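> Just passing along the structure, written as structure tokens.
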Amino acid sequence: MSGAIAQPVSKVKYSSRKLVEDRGSTISNPTAALNPTEAVEYIANKIALSEVIVIDIFGGKISQIPNGINVDIIAESGIKASVNDLPQIFPTNSVDEIIASSPQAPFLEQAAQILKPGGRIYINATKGNKFGKVPDPETRVKLGSDALEQLGLRLVQDRGELDPRFAQQSFFRTDGIPIPSSSVKTTILEKAQ
């Protein structure tokens, strides 16, 4: 090869079944879903390499978010886990951005814990999705009307137009029926610095 320098490739073992290649400073997303225990090491390596961490909770089988780490109980790619597992997988203040499209359970407490100061949560939901409200009814009952303040979150945008970054994304109800993107609004929360 004229002038080309080969990049060394080493394999970082996450389990006997799954390998993730380390090419320089980037670890690619696993092609098969990791369980929460395997995911801890995967995330620790991303943090050690100072990589930006964007997670797509409720992402379904495969995330539609470019470079996003899918976290869903039905994940076939990313991390197969529930929102309750987030604090065990991601250290406190370690995630740069969280996307929750069509959320299906309360998640604000777990998301606030792992989000970095200055990090943002993007919630894409229809007006009928109770978990798209901030705070959602269950979190409001548990923490009170000042739940966002208690979680260190501030409202940047409440049910505004769908953020252009998500315009090409497909949205579905829990029964699998497609939701027109024109019905989806984006709420943005930011963690206090």
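The values are calculated or read from the model by the stated rules, or taken from the named source; none is laboratory data. Here the structure is a predicted model, which means the values were calculated and not measured. Neighbour counts run over all protein chains shown; Cβ positions are idealised from the backbone, glycine included. Each accessible area value is taken on the protein alone, full model and side chains, heavy atoms only, with ligands, DNA and RNA left out. Shrake-Rupley method; radii C 1.70, N 1.55, O 1.52, S 1.80 Å.
> Scan region 170-183 residue by residue and report those that are closer than 17 Å to residue 131 by Cβ, in contact (Cβ under 8 Å) with a residue 12 or more places away in the chain and not aliphatic (A, V, I, L, M).
The answer is 171, 172, 173, 174, 183.
> Only residues that are farther than 16 Å from residue 111 by Cα and either surrounded by 15 or more Cβ atoms within 10 Å (Cβ to Cβ) or among the hydroxyl-bearing types (Ser, Thr, Tyr) (or both): list them for region 126-138, please.
Within region 126-138, 126, 129 meet the criteria.
> A follow-up question, please. Can you find even one residue in region 139-150 that is open to solvent by less than 60 Å² (accessible area, probe 1.4 Å), more than 20 Å from the chain's Cα centre (by Cα) and not hydrophobic (A, V, I, L, M, F, W, C)?
Within region 139-150 (the criterion being open to solvent by less than 60 Å² (accessible area, probe 1.4 Å), more than 20 Å from the chain's Cα centre (by Cα) and not hydrophobic (A, V, I, L, M, F, W, C)), the answer is yes, since at least one residue qualifies.
> Just checking, how many residues over region 87-106 are surrounded by 24 or more Cβ atoms within 10 Å (Cβ to Cβ) and either free of Cβ contacts under 8 Å to residues at least 12 places away in the same chain or under 21 Å from residue 193 (Cα atoms) (or both)?
4
> Shifting gears a bit: Filtering region 156-169 down to residues that are surrounded by fewer than 12 Cβ atoms within 10 Å (Cβ to Cβ) and within 18 Å of the chain's Cα centre (by Cα), which residue is farthest from residue 188 (Cα to Cα)?
Once the filter is applied, the top-ranked residue is 168.
> If you take the residues of region 34-50 that are assigned to a helix (DSSP H, G or I) and among the polar types (S, T, N, Q), which of them is farthest from residue 62 (Cα to Cα)? Before you say what the answer is, go through the steps one by one.
Initial filter on region 34-50 (assigned to a helix (DSSP H, G or I)): 36-48.
Those left that are additionally among the polar types (S, T, N, Q): 37, 45.
Values: 37: 19, 45: 21 Å.
Residue satisfying both the conditions and the ranking: 45.
> Which of the residues spanning region 60-84 are surrounded by fewer than 21 Cβ atoms within 10 Å (Cβ to Cβ), farther than 19 Å from residue 187 by Cβ and either hydrophobic (A, V, I, L, M, F, W, C) or within 12 Å of the chain's Cα centre (by Cα) (or both)?
60, 62, 66, 67, 73, 74, 82
> Determine whether residue 192 is at pLDDT 95 or above, touching a Pro at 6+ places or on another chain (Cβ under 9 Å) and under 23 Å from residue 82 (Cβ atoms). Before you say what the answer is, go through the steps one by one.
Values: at pLDDT 95 or above: yes; touching a Pro at 6+ places or on another chain (Cβ under 9 Å): yes; under 23 Å from residue 82 (Cβ atoms): no.
No: the conditions fail for residue 192.
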